[in-house]
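Report on one structure; see the data block that follows.
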Amino acid sequence: MVVVPCSTGTLGRIAGGISDNLITRAADVCLKERRRLVLVPRETPLSAIHLENMLRLTRAGAVILPASPGFYQGSESVAQLVDFVVQRILKQLGLGRHGRAAGWGEDEPA
């Protein structure tokens, strides 16, 4: 499961086990069943509470993946920056490498 974008409010409810809507309930089940849960927080700056919630979720098995594009790619458009983040999310889900951007120190994909 991927929650993108994930507000820090939603992130906090998931970290606290508060299943008050479909998203937080589904995330709770993913953690309970040890299934992949990727959260893409959207807000900055982050407070100590936000960081503690992210740490709590990471320890519970979630992946925190901020929507931070790799500017080292030399992207020429906003769409390429968005694609970079999407490819990182797909990689976390184990979904193909087709069309992925190269990571730091990697060669461009063939």
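Summary table
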{"item": "Space enclosed by the convex hull of the alpha-carbon atoms of the chain, per residue, Å³", "result": "118"}
{"item": "Interchain or long-range residues, amide H under 5 Å from Cys6's placed H", "result": "Val40, Arg42"}
{"item": "Share of carbon and sulfur in the accessible heavy-atom surface of the chain [1.4 Å probe, %]", "result": "55"}
{"item": "Largest to smallest principal axis extent of the C-alpha atoms in the stretch 20-85, angstrom", "result": "41, 25, 21"}
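The values are calculated or read from the model by the stated rules, or taken from the named source; none is laboratory data. Since we're looking at a predicted model, the values are computed, not measured. What goes into the accessible areas is simple: the full protein's heavy atoms, side chains included, and nothing from ligands, DNA or RNA. Shrake-Rupley method; radii C 1.70, N 1.55, O 1.52, S 1.80 Å.
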